[in-house]
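Here is the structure we will look at, set down as structure tokens.
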Amino acid sequence: MPTALITGITGQDGLYLAELLLSKKYEVYGLIRGQNNPKLDLVRNTLPEVKLITGDLTDVASLVRVLEISNPDEIYNLGAISFVAYSWENASLTSDVTGKGVLNILEATRLFAGDDIEKVRFYQASSSEMFGKVQAVPQTESTLLWPRSPYGVAKTFGHYMTINYRESYGMHASSGILFNHESPRRGPEFVTRKISQSVARIHLGLQSEIILGNLDAKRDWGFAGDYVDAMWRMLQQPQGDDYVVSTGEAHSIKEFLNEAFAVVGISDWSKYVKQDSKFMRPAEVDLLIGNATKAKEVLGWEPKVSFSELVQMMVESDVAQQQDLKT
Ligand code: NDP
Ligand code: GDR
């Protein structure tokens, strides 16, 4: 039975990945931080088979301890401060967790593996935010990185550090450059879930409007359940490498609003949507669209859920959740 360690187990991707690995008969350990983490019960209730160990990406000694206890064949480093807007207000903390945290877990892995470095396979959750002010359309593994936020800069550090451990120590380390992926488990601070939740509440008469920032930015949105499968496939390859994971389709926030309101039968949403500069970013990423040809050819990976299906899934799930809360 292979063993996997997942950092970021309480996040959107952590849960989907743990479900996938459990279905493949892995023994799954999850890193959980803090002395009274509010999401502990969520993981325990959703996936009681996952074994939880406390630790923090900013504490190398804790990571070494976690590796010794879990003795993993595969490590998936999903833990991060992941909200881009927050990263301007907490740039140093974001650098410590999202950037230096990657070095910490790579180094802990190197110390843990000793002479047998190839025994552990490592996945780093890199991001399309690294492309920032895009230098080519669509973006591939070789597109120049030009991050536009402290989050993007921190992810770029983690990305190159992962490549550096592969090249310096022969570690089986892969970096997945994942484009935005969403689901009913997406945090409500991200624009897609903010919209799906608000549309559900407007539909049920619980809310009158949504206040958003820039409606013109375009993102390449896929379904998180599809994307964790690409992570697993990367670690089954003979060697570590870097892969773009995306749908190859970009949609604006306005298009997301069109689709989301259409699910509850509203075609003109203009009276429900307001804008406020407090949701605008100091430096915006206007367009992200990925070319996942390498992932398709080498990993045999393809997204299964379309943009419309994704939006429908999110809105319908939020309508059901809000109805439950109402009763
Ligand atoms: P989430 O924000 O849902 O989850 C982030 C996870 O990181 C949480 O489990 C959080 O734990 C954990 N974490 C935060 N700080 C620390 C720390 N100091 N030590 C250990 N763990 C910590 O992110 P997603 O699931 O959406 O994304 C997973 C990863 O993929 C992240 O690294 C993200 O940056 C990256 N990514 C995501 C994309 C997306 O579209 N979703 C696209 C590209 C990359 P806690 O609950 O305790 O706060
Ligand atoms: P992003 O996701 O920054 O792409 O990072 P987010 O959903 O936060 O923003 C997407 C776009 O929507 C615009 N926007 C708003 N965003 C939020 N959150 N709230 C609003 O009210 C709002 N109004 C407009 C933003 O300006 C932006 O253009 C996500 C995270 O999961 C990262 O961790 C990951 O690396 C990248 O995706 C790929």
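The values are calculated or read from the model by the stated rules, or taken from the named source; none is laboratory data. Everything numeric in this text was worked out from a predicted model, so none of it was measured. So basically every Cβ, Gly included, is an ideal-geometry build from the backbone, and we count neighbours across all protein chains shown.
To keep it simple, each residue is scored yes or no on (1) in a helix (DSSP H, G or I); (2) over 18 Å from the mean Cα position of the chain (by Cα); (3) assigned by TED's automatic domain parsing to the domain that holds residue 110; (4) of a type outside the set (Asp, Glu).
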| residue | (1), (2), (3), (4) |
| --- | --- |
| 152 | yes, no, yes, yes |
| 155 | yes, no, yes, yes |
| 158 | yes, no, yes, yes |
| 161 | yes, yes, yes, yes |
| 165 | yes, yes, yes, yes |
| 168 | yes, yes, yes, yes |
| 174 | no, no, yes, yes |
| 177 | no, no, yes, yes |
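Quick one: in the range 73-108, which of the residues that are among the small types (Gly, Ala, Ser), crowded, with 17+ Cβ neighbours inside 10 Å and farther than 28 Å from residue 20 by Cα is nearest to ligand 1 (Cβ to nearest atom)?
Filtering the range 73-108 for residues that are among the small types (Gly, Ala, Ser), crowded, with 17+ Cβ neighbours inside 10 Å and farther than 28 Å from residue 20 by Cα, the one nearest to ligand 1 (Cβ to nearest atom) comes out as 87.
Being basic (Lys, Arg), within 11 Å of ligand 1 (Cβ to nearest atom) and more than 27 Å from residue 293 (Cα to Cα): is that true of residue 201 here? Spell out the reasoning first.
Values: basic (Lys, Arg): yes; within 11 Å of ligand 1 (Cβ to nearest atom): no; more than 27 Å from residue 293 (Cα to Cα): yes.
Considered against the rule, which asks whether it is basic (Lys, Arg), within 11 Å of ligand 1 (Cβ to nearest atom) and more than 27 Å from residue 293 (Cα to Cα), residue 201 comes out as no.
Here are the criteria: (1) buried (at least 16 other Cβ atoms within 10 Å of the Cβ); (2) away from ligand 2 (no atom under 14 Å from the Cβ); (3) within 27 Å of residue 136 (Cα to Cα). Tell me which single one residue 232 does not satisfy.
Of (1) buried (at least 16 other Cβ atoms within 10 Å of the Cβ); (2) away from ligand 2 (no atom under 14 Å from the Cβ); (3) within 27 Å of residue 136 (Cα to Cα), only one is false for residue 232: (3).
When the residues of the range 100-132 are narrowed to those that are within 12 Å of ligand 2 (Cβ to nearest atom) and among the hydrophobic types (A, V, I, L, M, F, W, C), which ends up nearest to residue 230 (Cα to Cα)?
Among them, the one singled out is 125.
Identify the single condition in (1) assigned to a strand (DSSP E or B); (2) outside the structural domain of residue 18 (by TED's automatic domain parsing) that residue 198 does not satisfy, given that it satisfies every other one.
(1)
If a residue has to be of a type in the set (A, V, I, L, M, F, W, C) and loosely packed, with under 14 Cβ neighbours inside 10 Å to count, how many in the range 284-327 make the cut?
Of the residues in that region, 3 qualify.
Is there a residue being more than 14 Å from ligand 2 (Cβ to nearest atom), surrounded by 22 or more Cβ atoms within 10 Å (Cβ to Cβ) and in contact (Cβ under 8 Å) with a residue 12 or more places away in the chain anywhere in the range 175-197?
There is no residue in the range 175-197 that is more than 14 Å from ligand 2 (Cβ to nearest atom), surrounded by 22 or more Cβ atoms within 10 Å (Cβ to Cβ) and in contact (Cβ under 8 Å) with a residue 12 or more places away in the chain.
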